[in-house]
1. Please work out how much accessible surface ASP132 shows to a 1.4 Å probe, ignoring ligands, DNA and RNA, in Å² rounded to 10.
2. Ignoring ligands and nucleic acids, what accessible area does HIS392 show with a 1.4 Å probe (Å², nearest 10)?
3. Note down the accessible area of MET464, probe 1.4 Å, to the nearest 10 Å².
4. Computed over the Cα atoms, what is the radius of gyration of segment 372-448 divided by 2.2 N^0.38 Å, N being its residue count?
5. For PHE225 and SER315 in the same chain, what is the full-extension length gain: residue separation times 0.36 nm, less their Cα-Cα distance, in nm?
6. With only alpha-carbon pairs counted, each pair once and no self-pairs, how large is the Kirkwood hydrodynamic radius of segment 437-546 in angstroms?
7. Counting only residues 5 or more places away or on other chains, whose amide H sits under 5 Å from the amide H of ASP68 once H atoms are built in the peptide plane?
8. With r as the distance between the Cβ atoms of TYR525 and ASP372 and R0 = 25 Å, compute the FRET efficiency 1/(1 + (r/R0)^6) and round to 0.05.
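The values are calculated or read from the model by the stated rules, or taken from the named source; none is laboratory data. All values derive from a computational prediction rather than experimental measurement. Cβ sites come from the backbone with ideal geometry, for glycine too, and all protein chains shown count toward neighbours. The protein model used for the area step is the full one, side chains on, heavy atoms only, and it has no ligands, DNA or RNA in it. Shrake-Rupley method; radii C 1.70, N 1.55, O 1.52, S 1.80 Å.
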Amino acid sequence: MAVINKQIPDVEEYRAMAYYRLSKDDKNEDRSRDSKGEISDSILNQRKLVHAYLQNHPGITLVDEAYDDGYSGTNYDRPGFRSVLEKVQSGSINCVIVKDLSRLGREYIETGKYLEMIFPSFGVRFIAINDDVDSEHSTAGDDIIIPIKNIMNESYCRELSKKLRNQFRIQRSNGEFLGAFASYGYCKSPDDKHKLVVDEYAAEVVRGIFSMKIKGCSQNIIADFLNQEKVLPPAEYKKSLGMKYKTGFQASTQAKWSVVTINRILNNPIYIGTLVQGKRGTPNYKIKKMRVRSEDDWVVVENNHPAIIDPLMFSIVQKMMERDTRRPPKEDVLLPLAGVLFCPDCGRALQRRTVTRGEQKYYYYVCATYKDGKGCSSHSFEQNKLEETVLHAVTGQIQMIVELNQLGHDIGLKKIDQIRLGRVDLMIARKEQDLDRDKEFRMKLYEALNDNLIDRDEYNKMRMKYTRQIEDTERAISKLKLQRAEISSSHSTDNSWIMQFIKFQGITELSREAVVTMIDRIYVYEDKRIRIEFNYRNEIAAYQEILEETPSGYPSMSQKQDRKEEKAKEVG
């Protein structure tokens with residue numbers, strides 16, 4: 001703002017404008033003092049104080065008033081305060097009155113600029129009633145007192161900012177939702193605005209989006225389908241519920257489902273009950289521009305609210321989105337094996353190739369490196385034969401899982417939980433032994449240093465090494481104890497992964513959904529062998545080990561399962 005040296009001659013009559021400000025923090029203070037919690041009362045109280053002051057100063061005439069309700073004292077871009085400056089610059093007023101210096105602002109340098117430069121340059125008298133500040137009757141002591149009061153006001157703002165940041169972090173760590181609007185699929189609980197509850201209508205749309213993705217639909221196809229069905233996109237849906245919602249992601253005036261919106265939903269862990277907050281914020285109370293924070297500063301709380309999407313489905317979708325997969329021309333969905341076929345030699349994905357012989361078209365999968373003419377070998381496999389081979393392996397894997405599941409029910413879930421607890425207890429005991437050993441070694445390092453067996457540099461390096469090992473071991477023990485507590489509290493084995501296979505029992509042809517649910521990768525060898533890496537192979541192996549430890553005479557059965565699994569994995 002340009003400073004114009006526009007001195008007003010000495011006059012007995014002052015044309016004054018009163019300015020009142022109330023921040024959100026002041027509102028909270030007022031509510032704690034007043035059970036009614038009326039925000040307007042604080043503005044009215046400031047107004048009463050100013051009017052009472054003017055009654056005793058007949059030389060000052062109040063010609064205008066302005067106020068800012070809900071604005072921080074560190075923000076000088078306020079509507080009411082801007083109107084005061086406009087009147088100052090136009091010369092229509094020559095006196096500004098506030099309740100105290102903190103109403104003008106709480107930033108030391110900026111407040112001082114107005115008091116010492118801008119207002120004097122326009123010949124404006126400034127009065128802060130409660131701080132006994134009047135520029136017309138200033139004394140030498142005011143040059144010291146006023147800056148000190150401004151510093152105290154800024155210090156108040158700084159300390160308040162620290163307290164609020166700590167309070168917000170505590171609330172976030174406790175799983176309290178602090179956003180203005182809940183993510184699509186959820187709404188704030190009417191009983192507690194910091195808790196999320198499922199919005200069934202929007203949640204059903206979210207489930208449909210994940211289901212379509214699992215079945216091979218691209219994000220563009222999903223968005224087009226929702227637009228054709230006239231399903232309101234998140235922003236419009238919130239507005240339809242009466243919310244004053246605005247978003248920076250909307251590219252046009254007519255809101256529609258877009259690829260960006262679908263991606264944000266598919267990537268958001270909130271739908272599996274995980275609350276992630278604190279991703280964006282301001283560096284400090286003086287800088288108002290929001291910035292993306294480091295992931296280390298994010299606050300993540302798992303199992304915080306009801307999940308809309310099964311965690312297994314969510315993890316499968318994340319894996320699908322990481323892989324580069326394309327739809328064939330004139331196809332709405334991906335082919336069943338798209339994105340899961342890999343060359344075991346160069347590691348690149350296999351790509352589909354079309355060969356035309358006469359009027360007949362043949363489809364093959366070949367190594368991408370070979371197709372680009374950059375080496376490797378073809379690893380060629382005809383599409384239909386490959387799908388038949390994979391289907392045969394998948395049906396064998398499903399049958400094995402079905403038998404494992406039946407075996408688990410025959411043995412009894414309580415017995416299996418006991419075995420799982422025993423295995424976790426054994427791992428905890430081993431980790432605690434490692435922890436005691438590393439702590440003992442770290443203690444002996446100091447003795448070795450004193451006995452001149454190692455020098456200071458070696459001591460520091462080895463101590464740092466053992467300290468890291470101790471910290472890693474302590475974290476591992478904490479995880480194992482948490483796992484043990486979960487097993488003890490649930491009183492049932494988590495075999496949800498089993499249903500991911502059983503639900504496809506009896507399939508007669510491959511579907512995209514079946515492949516991505518059950519299969520992680522398929523390696524195609526040059527000699528037409530294939531190796532299938534199934535999803536949940538670690539869970540399967542652990543479950544088999546648990547069943548083998550049962551004293552029920554089932555080892556021969558598990559050996560039979562091993563043979564079936566090997567047969568399913570290696571098909572050629």
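1. 130
2. 120
3. Number for this one is 110 Å².
4. Values: Rg = 25.5 Å, N = 77, 2.2 N^0.38 = 11.5 Å.
Ratio of Cα Rg to 2.2 N^0.38 Å: 2.22.
5. Working: separation 90, 0.36 × 90 = 32.40 nm, distance 2.36 nm.
This chain segment gains 30.0 nm when fully extended.
6. Values: mean 1/r = 0.0521 Å⁻¹.
About 19.2 Å for segment 437-546.
7. The list, which skips near neighbours in sequence, is TYR20, ARG21, LEU22.
8. On the way: r = 20 Å, r/R0 = 0.79.
Result of the calculation: an efficiency of 0.80.
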